[in-house]
Structures are given as C-alpha cells and as structure tokens.
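Reading through the structure tokens given below for one structure.
Nothing in this text is a laboratory measurement; each read-out follows from the coordinates by a stated rule. In this text the structure is predicted, and so the values were computed from the model without any measurement. Here the Cβ is made from the backbone with ideal geometry for all residues, glycine too, and neighbour counts use every protein chain on show.
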Amino acid sequence: MPLLTIAGLPGPPLDVPAGRTVLAAIHAAGHDWWHACGAKGRCTTCRVRVLAGAEFLTPLTAPELRYQAAGRLQEAERLACQCGVKS
Ligand code: FES
C-alpha cells in the first residue's frame, strides 16, 4: 500500500489505499485537516504542497484546474480532497 508522509503531522507515514483521497487518508489516520467546503473542491483550504512523488498522484481534477487557471493553486499544490494516490 502506498505510504504518504505529511510534513508537520505527527506519527508514521499514512497508508493510502488506491482510490482514497489524501484528505480521507489524513482523516482516517485520526488527524484534523482544514476542509471548509466539506471536500467538494470549492474552497482550497485543504491544499497541500507536493514536495516529492507527484507522479504517483491522480491527475488534476476540474476544480484543481480551475483554481490553477485563476492563480489560486500553484503548480506544486494539490487539493487534498481531490487528489488520490494511483499506486
Ligand atoms: S475541502 Fe474545500 S477544496 Fe478541499
């Protein structure tokens, strides 16, 4: 199972089953994480900066592309509620 390390979160790397979003994995591990819109891709409060392994994440979703085009999501950032782990 893929492992995900979130800088600043205590504990070991998170197990992320394929198809689960990063936000869901963070919550499943018992951590709190901002998600003001309820994980609907409408707010950007769940954003994460990807430092390594972007190639293992699912493609950008329509909300992420919309925020990138508007300059509200940088190239190395993803919405935790939208991106998942491919492998
Ligand atoms: S929780 Fe609002 S965009 Fe992810």
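Numerical summary
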quantity	calculated
Segments 5-12, 74-81 sorted - mean Cβ within 10 Å per residue, highest first	74-81, 5-12
Point-charge dipole on Cβ atoms (K/R +1, D/E -1) for region 3-79, about Cα centre, debye to 20	300 debye
Packing-based ranking, highest mean first, of 20-30, 60-70 given that Cβ atoms within 10 Å are counted	20-30, 60-70
Computed over the chain, the ratio Rg/Rh where both radii use C-alpha atoms and Rh is Kirkwood	0.93
Whole-number percent relative contact order across the chain, with pairs defined as alpha carbons under 8 Å at least 6 apart	35 percent
